[in-house]
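Novice: Quick one: structure below, then a few questions.
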Amino acid sequence: MGTTRMDRRLFLKAAGATAAGAVTASQAGCLRYFKKGRTASDDRREVPTTCELCPNKCSAIAVVEGGLVKKLNPNPENPKSRDMLCARGNAAIKQVYDPDRLKQPMIRVGARGEGKWKPVSWDEAFDFAAKKLAEAKSKYGPESTLWSSTEGFQEVFFKNLGLAFGSPNLVRHPTLCLASVNLAYSATFGTVPSFDLLNSKFVIMSGANRFESIITPDTMDLIGGVMERKAKLVYLDPRFTVTAAKADEWYPIKPGTDLAFILAMIHVIIKENRHSKDFVAAYTTGFDQLAEHVKPYTPEWAEQETEIPAKDIIRIAREFSDAAPRALYYAGRRSSWYQNDFQMRRAQAILNAIIGNWDQPGGMVPNAKLPKGEFLFMPWDEPKAPRVDEIEKHFPLAAKGDGVYLKLRENVLSGKPYPIKAWMVYKQDPLNAMPDQAKTLKMIEGMDFIGVIDVQMSDMAWYADVVFPESAYLERTDPVEVMPGIWPAVVYRQQVVKPIHDTKPNLDIVQGLAKRLGLGDYFDYTIEQWVEAEFRDLPIPMAAEHMKKHGVWAASGQPSYGKTLTPDHRFVTKTGKIELFSERLQEAGHDPLPVYAAPVQPPGDRFRLILGRVGYFTHANQSNNVWLNEFMKENDLWINPKPAERLGIKTGSTLTVTSSVGSVKLKARVTEEIRPDCVFMLHGFGKKSKMQSLVYQVGASDAVILETAWDKVSGNAAFHETFVKVANA
Amino acid sequence: MAIKKKRYALVIDSRKCINCKACAVACKAENEVPVGNFRNWINEDRQGEYPKLRIDFEPEQCHHCEHPSCVRVCPTGASWQRKDGIVLVNDDECIGCRYCMIACPYDARYFHEASGTVHKCTLCSHRIDKGTIPACVETCPSKVRVFGDLEDPASRVHELLATRRYRVKEPQTGNGPQLYYLL
């Protein structure tokens, strides 16, 4: 043993030294900070904060030792995150200490996308961007600038800068995600409700893969319900997801036919008199038209469309209405699937309405809200030009402040109705978030100037002219966020550690630009003043102290149900009722009741490409987080063994996947867990940015092969309308 | 008051596991586990032919056995067991011979390249000693793992083991594993 010991120790010492040397070269910044931390005094602090790795806003408690974040623990006080922190939330530490992170402002010196950068001072970066934006304004007007961002606590400052600058062209993420589902429920109920999965007895989900695309508290409530046998879950999806594996019944529905299934359910429920007559009479309008409308949509007809047996559709409709009002057709979130997505979600909303699950335990619940104060800043003149995406003409019902992203891209590319010459981007990666990457690259080519604010060098940042590095969420204080819901809460994100690089919070970046654009007066406040104003109207004593100490506040006690179920309640719709039949839709030139159109099927040699998520990646940037990347280093193409055999494809073989707009190479995963007419790939790989080193040119980006299509009513992107050819490379 | 005997164990409801990996990342952060190594993991079992399919997940980590073979084979006494059942490795005494890694029926140990010693799940004993629960138990969205003291009748592990059927893995080894999987 003595020999072993000597050899082992000696060998390890030598090996350790070499390894450390190699690491120092590439990760110098990080290691230096870690070492500094180790030698610093052994002070341990716990700071409550709010996670920013996905849209859930879970409450976390950061453990800080020697000035470094060592651990993030769940904060049980948040009724939405329910005492948990998922893999993404736990891995947020690595966002701060990521060697790939943006560490100082940079200006592009080579060609766009070439990756040649000059580190510059903040002054230089601000001066450069302000000069370019001012040039665009003087040549083409302020409306020639585009301001795109995605949701986040500091997004408000970015949007305000765009508006103060005079541009109407703010564009946000909803039409790449959930615009169709939100609009469908708003059109029906006048609001988008929450779903009380905790108390529901019968849940149906169309492709809402809640056990892999984690949404709080829905995912945890559904696990409790389904696993404790308190609820039955019926799940429709062309893919055998984890949700399918946990469901009581899984139907590999023919893609794009969910609307047929729902219409047939409505047909059965009305035909068998199973709807809630009292509720329908008291709170809805258009039931007779609906009853007439669904007559042809029989279960036998739906069987042909969906490949779900008619007897099952009838049985599910009966079980569903028997369980009412504790029954839910769950809405889902990313509803950017098909060109008729709005109508599919509308049918869900109507089905929910006629069983009377509105504002009931185990049903749909209008969101409770909590008040907060507002910081009063100097107002600016409204932008004068109309929006470049012509939203009012083409999508009169859509949310104007969010814009319609794909229509906007079409218009920017055509230069009509007017040219867009500068593009400011905050916290968004349009190159991976939008389909048809070649088109986005073309849009980039047409810009005189692109500025990107981000924590990491996203693909979009890689193509920018100037990059402003934002401090990571653990390094900054953000505005207070009110989270409506069945269990409403207020969350606060306070600075946990000092920035380790030359980065700034978004507000400071906005102020730096505003000052040079002559707009400084509109942003003449500090984050502390902003937050203090918001604390002022919170319904709790000593609000500021409470939020700093706890990071979250939620009203105690049980949620309240039935507040809207009074004879004098007016829903925020044209008629003041829940609109089964919608005159507003009819006036806007759309079907007032959901009309089914069979989806076009892929020709014999093609497959429908479908997208989805796993529990540890939500956004395109998370695959480059070293702790998450460990679980999946490369994405692959799921293909059923039957077509795989026909095409001579084996697991691990490299494939060429081609659509009408592009072609990618990625490895095959031959799996029983998908329908033979579909293929599936995961989002977030095949990056163009070398500063996403773990996924740079690893696997493939879905954005390269997805075609441009959108839902007619909401303008929401339709990501599941692309047919691809698959062959061994 | 006499010091009560303790025996820590985990009761695992695998059906609730959604393979989200929160436990693995929480452990990584809490215990500074190097990239490439894990102290806990999730086994996957995928079966069937389309469309009759099933996927089963099973979280696993050190079983903190009653009679741990890893402790028996350790030539230096570095692998040891606390009175409360937690199996640990004393880093100063470990010579990195990896006998314990071979002796463990669950493959629950890994060799730590930087220290030249063997590392493993400690059941977050540093947390337990302060009266809190292991990081993997705390962070889990579906609360798959239940941590508790088998000697404490008020502990939830007692209730679960008394009212539900369960199994342990590889009982034939005689190690007496203390990860109880509910059926």
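The values are calculated or read from the model by the stated rules, or taken from the named source; none is laboratory data. Keep in mind it's a predicted model, so treat the numbers as computed, not measured. So basically every Cβ, Gly included, is an ideal-geometry build from the backbone, and we count neighbours across all protein chains shown. What goes into the accessible areas is simple: the full protein's heavy atoms, side chains included, and nothing from ligands, DNA or RNA. Shrake-Rupley method; radii C 1.70, N 1.55, O 1.52, S 1.80 Å.
Novice: Quick one: B:ARG98 ticks every box in (1) at the interface with chain A (Cβ under 10 Å from one of its Cβ atoms); (2) out of contact with any strand residue (DSSP E or B) (no Cβ under 7 Å at 6 or more places or on another chain); (3) surrounded by fewer than 21 Cβ atoms within 10 Å (Cβ to Cβ) bar one, so which box is it?
Specialist: With (1) at the interface with chain A (Cβ under 10 Å from one of its Cβ atoms); (2) out of contact with any strand residue (DSSP E or B) (no Cβ under 7 Å at 6 or more places or on another chain); (3) surrounded by fewer than 21 Cβ atoms within 10 Å (Cβ to Cβ) applied to B:ARG98, the lone miss is (2).
Novice: Need the failing condition index for A:LEU183 against (1) open to solvent by 10 Å² or more (accessible area, probe 1.4 Å); (2) more than 14 Å from chain B (Cβ to nearest Cβ); (3) not in a helix (DSSP H, G or I), just the number.
Specialist: The number of the failed condition is (3).
Novice: Is it true that some residue in segment A:622-641 is within 14 Å of chain B (Cβ to nearest Cβ), among the hydroxyl-bearing types (Ser, Thr, Tyr) and under 22 Å from the mean Cα position of the chain (by Cα)?
Specialist: yes
Novice: If I ask for residues that are within 10 Å of chain B (Cβ to nearest Cβ) and open to solvent by 10 Å² or more (accessible area, probe 1.4 Å), which ones from segment A:219-239 would you list?
Specialist: A:MET220, A:GLY224, A:MET227, A:GLU228
Novice: Something else now. Yes or no: segment A:698-717 includes at least one residue that is touching a residue at least 12 places away in the same chain (Cβ under 8 Å), closer than 29 Å to A:GLY113 by Cα and more than 21 Å from the chain's Cα centre (by Cα).
Specialist: yes
Novice: Could you list, in sequence order, all residues of segment A:501-525 that are without any contact (Cβ under 8 Å) to a residue 60 or more places away in the chain and not in a helix (DSSP H, G or I)?
Specialist: Once the filter is applied, which keeps residues that are without any contact (Cβ under 8 Å) to a residue 60 or more places away in the chain and not in a helix (DSSP H, G or I), segment A:501-525 yields only A:GLY518.
Novice: Right, here's the next one. Tell me yes or no: at least one residue of segment A:200-214 is touching an Asp or Glu at 6+ places or on another chain (Cβ under 9 Å) and closer than 17 Å to B:PHE57 by Cβ.
Specialist: yes
Conditions tested, residue by residue: (1) touching a Cys at 6+ places or on another chain (Cβ under 8 Å); (2) over 30 Å from A:CYS678 (Cα atoms); (3) surrounded by fewer than 16 Cβ atoms within 10 Å (Cβ to Cβ).
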{"site": "B:VAL33", "(1), (2), (3)": "yes, yes, no"}
{"site": "B:GLN47", "(1), (2), (3)": "no, no, yes"}
{"site": "B:GLU58", "(1), (2), (3)": "yes, no, no"}
{"site": "B:THR76", "(1), (2), (3)": "yes, yes, yes"}
{"site": "B:TYR110", "(1), (2), (3)": "no, yes, no"}
{"site": "B:SER125", "(1), (2), (3)": "no, yes, no"}
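Novice: Determine which member of the set A:GLN348, A:GLN360 is closer than 27 Å to A:LYS80 by Cα, in contact with a Pro (Cβ under 7 Å, 6 or more places away or on another chain) and of a type outside the set (A, V, I, L, M).
Specialist: A:GLN360
Novice: OK, next. Would you mention how many residues in segment A:56-107 are over 23 Å from the mean Cα position of the chain (by Cα), at the interface with another protein chain (Cβ under 10 Å from one of its Cβ atoms) and not in a strand (DSSP E or B)?
Specialist: 1
Novice: Restricting to segment B:112-121, and then to whatever is more than 10 Å from chain A (Cβ to nearest Cβ) and open to solvent by less than 30 Å² (accessible area, probe 1.4 Å), can you tell me which residue is farthest from the chain's Cα centre (by Cα)?
Specialist: B:VAL118
Novice: Which residue pairs have Cβ atoms closer than 7 Å, lie 6 or more positions apart in sequence or on different chains, and pair a first residue in segment A:462-490 that is surrounded by fewer than 22 Cβ atoms within 10 Å (Cβ to Cβ) with a second residue that is charged (D, E, K, R) and in a strand (DSSP E or B)?
Specialist: A:ASP465/A:ARG108
Novice: Looking only at segment A:611-635, how many residues end up being part of a strand (DSSP E or B) and crowded, with 22+ Cβ neighbours inside 10 Å? Spell out the reasoning first.
Specialist: Restricting attention to segment A:611-635, the residues satisfying the condition of being part of a strand (DSSP E or B) are A:611-612, A:614, A:617.
Those still in the list that are crowded, with 22+ Cβ neighbours inside 10 Å too: A:614, A:617.
The total comes to 2.
Novice: Being open to solvent by 20 Å² or more (accessible area, probe 1.4 Å), part of a helix (DSSP H, G or I) and out of contact with any strand residue (DSSP E or B) (no Cβ under 6 Å at 6 or more places or on another chain), is that true of even one residue in segment A:321-330?
Specialist: yes
Novice: Please pick out the residue among B:CYS70, B:CYS20, B:CYS27 that is in a helix (DSSP H, G or I) and closer than 18 Å to B:PRO134 by Cβ. First the steps, then the outcome.
Specialist: Values: B:CYS70 fails: closer than 18 Å to B:PRO134 by Cβ; B:CYS20 fails: in a helix (DSSP H, G or I).
The unique qualifying residue is B:CYS27.
Novice: Kindly check whether there is at least one residue in segment A:689-705 that is within 14 Å of chain B (Cβ to nearest Cβ) and either at pLDDT 95 or above or open to solvent by less than 50 Å² (accessible area, probe 1.4 Å) (or both).
Specialist: For segment A:689-705, residues within 14 Å of chain B (Cβ to nearest Cβ) and either at pLDDT 95 or above or open to solvent by less than 50 Å² (accessible area, probe 1.4 Å) (or both): present.
Novice: Please state which of the following conditions A:PRO105 fails to meet, knowing it meets all the rest: (1) under 22 Å from A:ILE214 (Cβ atoms); (2) in contact with a helix residue (DSSP H, G or I) (Cβ under 6 Å, 6 or more places away or on another chain); (3) open to solvent by less than 10 Å² (accessible area, probe 1.4 Å); (4) not aliphatic (A, V, I, L, M).
Specialist: It is condition (1) that A:PRO105 fails.
Novice: In this structure, does A:ALA134 turn out to be open to solvent by less than 40 Å² (accessible area, probe 1.4 Å) and in a helix (DSSP H, G or I)?
Specialist: no
Novice: Can you work out which of the residues in segment A:364-374 that are surrounded by 15 or more Cβ atoms within 10 Å (Cβ to Cβ) and over 24 Å from the mean Cα position of the chain (by Cα) is nearest to A:ASN182 (Cα to Cα)?
Specialist: Looking at the filtered set, the residue picked out is A:LYS372.
Novice: How many residues does segment B:1-46 contain that are polar (S, T, N, Q), over 18 Å from B:TYR106 (Cα atoms) and more than 9 Å from chain A (Cβ to nearest Cβ)?
Specialist: 1
Novice: Anything in segment A:413-436 that is in contact with a Gly (Cβ under 9 Å, 6 or more places away or on another chain), assigned to a helix (DSSP H, G or I) and surrounded by fewer than 24 Cβ atoms within 10 Å (Cβ to Cβ)? List them, or say none.
Specialist: A:LEU413
Novice: Kindly indicate whether any position in segment A:385-398 is under 29 Å from A:VAL490 (Cα atoms) and crowded, with 22+ Cβ neighbours inside 10 Å.
Specialist: Yes, some residue in segment A:385-398 is under 29 Å from A:VAL490 (Cα atoms) and crowded, with 22+ Cβ neighbours inside 10 Å.
Novice: Being within 13 Å of another protein chain (Cβ to nearest Cβ) and either closer than 25 Å to B:HIS126 by Cα or of a type in the set (Ser, Thr, Tyr) (or both) is true for just one of B:CYS74, B:CYS70. Which residue is that?
Specialist: From the options B:CYS74, B:CYS70, the qualifying one is B:CYS74.
Novice: A follow-up question, please. If we keep just the residues of segment A:497-524 that are over 20 Å from A:LYS131 (Cβ atoms) and open to solvent by less than 10 Å² (accessible area, probe 1.4 Å), which is nearest to the chain's Cα centre (by Cα)?
Specialist: Per the criteria, the residue is A:ASN506.
Novice: If the requirement is being open to solvent by 20 Å² or more (accessible area, probe 1.4 Å) and either of a type outside the set (A, V, I, L, M, F, W, C) or within 14 Å of another protein chain (Cβ to nearest Cβ) (or both), which of these qualifies: A:THR575, A:THR671?
Specialist: Answer to the selection: A:THR575.
Novice: Continuing with this model, one more query. So in segment A:243-253, with the set limited to residues that are open to solvent by 10 Å² or more (accessible area, probe 1.4 Å) and within 12 Å of chain B (Cβ to nearest Cβ), which one is nearest to A:PRO676 (Cα to Cα)?
Specialist: Once the filter is applied, the top-ranked residue is A:PRO252.
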